[in-house]
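What follows is a set of notes on a single structure, which appears directly below.
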Amino acid sequence: MIQLSYVSRSAEPMSSGDLLSLLDECRTNNSKRGVTGLLLYGNGTFLQTIEGDQGVIESLTESIFEDSRHAEIELLHRKEISKREYSEWSMGFDEVSDESLKDVKGLRDFGAIDFEFDNLTDNREAVNALLEHYREPHF
């Protein structure tokens, strides 16, 4: 089993309706494929982690990298895992806001405005803090 995380720029701004449609699509497809994960969105930026069987994740990754909804993608990590970290969700989701970020441990002076492609690709500490925060059962 593998886990993969990436950050991407949205090709077009995503409305609430667009995000709900995307989330519904992810949840439906991921349930069928045995994929679990998390999707965060804010400021035209996606941060996503997906996990599952290696062949499934590699195929899904190819589809994501070809998806026209993404203008630019950077792979943050790909690692083998023995246990799922997001096992409760076919796709957990949050639209990032100052309110949702206020309780993230390890993120001082990091607000919704800081959740953007260039900042996340250059700030692995912030990415790790966000992923750790959303792994918690409170979400």
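The values are calculated or read from the model by the stated rules, or taken from the named source; none is laboratory data. None of the values given here were measured: they were computed from a predicted structure. Here the Cβ is made from the backbone with ideal geometry for all residues, glycine too, and neighbour counts use every protein chain on show. For the accessible areas, the whole protein counts, side chains as well, though only heavy atoms, and no ligand, DNA or RNA atoms are used. Shrake-Rupley method; radii C 1.70, N 1.55, O 1.52, S 1.80 Å.
Remarks
- Just one of the listed residues (124, 108, 78) is open to solvent by 40 Å² or more (accessible area, probe 1.4 Å), among the basic types (Lys, Arg), farther than 24 Å from residue 13 by Cβ and without any contact (Cβ under 8 Å) to a residue 12 or more places away in the chain, and it is 108.
- So residue 93, is it among the aromatic types (Phe, Trp, Tyr) and modelled with pLDDT of 90 or more: no
- Test result for residue 66, closer than 12 Å to residue 4 by Cβ, open to solvent by 80 Å² or more (accessible area, probe 1.4 Å) and out of contact with any strand residue (DSSP E or B) (no Cβ under 7 Å at 6 or more places or on another chain): no
- Checking residue 129 against (1) at negative phi; (2) open to solvent by 20 Å² or more (accessible area, probe 1.4 Å), the condition it does not meet: (2)
- The residues of segment 96-139 that are in a helix (DSSP H, G or I), among the charged types (D, E, K, R) and modelled with pLDDT of 85 or more, listed by number, are 98, 99, 114, 118, 124, 125, 132.
Every residue, every condition in (1) open to solvent by 80 Å² or more (accessible area, probe 1.4 Å); (2) modelled with pLDDT under 90; (3) among the charged types (D, E, K, R), yes or no:
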| position | (1), (2), (3) |
| --- | --- |
| 33 | yes, no, yes |
| 39 | no, no, no |
| 54 | yes, no, no |
| 73 | no, no, no |
| 83 | yes, no, yes |
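- Answer residue from segment 1-31, given it is within 15 Å of the chain's Cα centre (by Cα) and without any contact (Cβ under 8 Å) to a residue 24 or more places away in the chain and is nearest to residue 56 (Cα to Cα) among those: 25
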